[in-house]
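First comes the structure, then the notes that go with it.
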Amino acid sequence: MPPWLQEQLMKLQQSQQNLQSIMTQKQHLEMEKAETEKALEELKKVGDADAVYKQAGTVLLKSTKKELVDELEEKQEMAKTRATVLEKQETRVKETLKEQEAKITEMMKSGSEPPKPEEDNPRK
């Protein structure tokens, strides 16, 4: 296999790994969002004067309902932001994958070396 083709295949493999990592992060984020939503639902059932606790490592700390609701809502907002970033990354990596696959296919059809890129900048 020609070195230039090996290089393109390695880039493709790296992009595939990046996509897998993004998908894993999205999956973890979805689980985190579901846990946060469930915790908020449970807190809404609790009276304002009732004792509530939050976990900090291996211990439970007494807190107020308002503090916990505020923390969980902030956590939800952060998760939304992260989800948006991951969506954009996923889209960009998928586009890169398509381009790389097309380039490899074209290179294999022609059987020649690729043209020298003007600039090798994946972010454009």
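Kindly indicate whether any position in segment 81-103 is outside any helix (DSSP H, G or I) and either in contact with a helix residue (DSSP H, G or I) (Cβ under 8 Å, 6 or more places away or on another chain) or not basic (K, R) (or both). Scanning segment 81-103, I find no residue that is outside any helix (DSSP H, G or I) and either in contact with a helix residue (DSSP H, G or I) (Cβ under 8 Å, 6 or more places away or on another chain) or not basic (K, R) (or both), so the answer is no. Is it the case, given these coordinates, that A49 is at pLDDT 95 or above and of a type outside the set (K, R)? No; evaluated as a whole, the condition is false for this residue. Within the bounds of segment 1-14, is there any residue that is free of Cβ contacts under 8 Å to residues at least 60 places away in the same chain, of a type outside the set (G, A, S), in a loop (DSSP other than H, G, I, E, B) and under 27 Å from M107 (Cβ atoms)? Checking segment 1-14: at least one residue is free of Cβ contacts under 8 Å to residues at least 60 places away in the same chain, of a type outside the set (G, A, S), in a loop (DSSP other than H, G, I, E, B) and under 27 Å from M107 (Cβ atoms).
Please tell me if K75 is assigned to a helix (DSSP H, G or I) and free of Cβ contacts under 8 Å to residues at least 24 places away in the same chain. When the stated conditions are applied, K75 does not pass them. Of the residues making up segment 32-48, those that are assigned to a helix (DSSP H, G or I), without any contact (Cβ under 8 Å) to a residue 24 or more places away in the chain, surrounded by 10 or more Cβ atoms within 10 Å (Cβ to Cβ) and not acidic (D, E) are A34, K38.
Of the residues making up segment 49-66, those that are free of Cβ contacts under 8 Å to residues at least 12 places away in the same chain and within 28 Å of the chain's Cα centre (by Cα) are Q55, A56, G57, T58. Answer with yes or no whether T84 is out of contact with any Pro (no Cβ under 7 Å at 6 or more places or on another chain) and either surrounded by 11 or more Cβ atoms within 10 Å (Cβ to Cβ) or aromatic (F, W, Y) (or both). Considered against the rule, which asks whether it is out of contact with any Pro (no Cβ under 7 Å at 6 or more places or on another chain) and either surrounded by 11 or more Cβ atoms within 10 Å (Cβ to Cβ) or aromatic (F, W, Y) (or both), T84 comes out as no. In this entry, V69 passes the filter for residues that are modelled with pLDDT of 95 or more, surrounded by 12 or more Cβ atoms within 10 Å (Cβ to Cβ), within 30 Å of K45 (Cβ to Cβ) and β-branched (V, I, T).
Among the residues of segment 95-112, the one identified as of a type in the set (K, R) and surrounded by 13 or more Cβ atoms within 10 Å (Cβ to Cβ) is K103.
Of the residues making up segment 49-62, those that are farther than 30 Å from E87 by Cβ and assigned to a strand (DSSP E or B) number 7.
The values are calculated or read from the model by the stated rules, or taken from the named source; none is laboratory data. Only a predicted model underlies this, so the values are computations on that prediction, with no experimental measurement involved. Quick reminder, even Gly has a Cβ in these numbers, built from the backbone with ideal geometry, and neighbours come from all protein chains shown.
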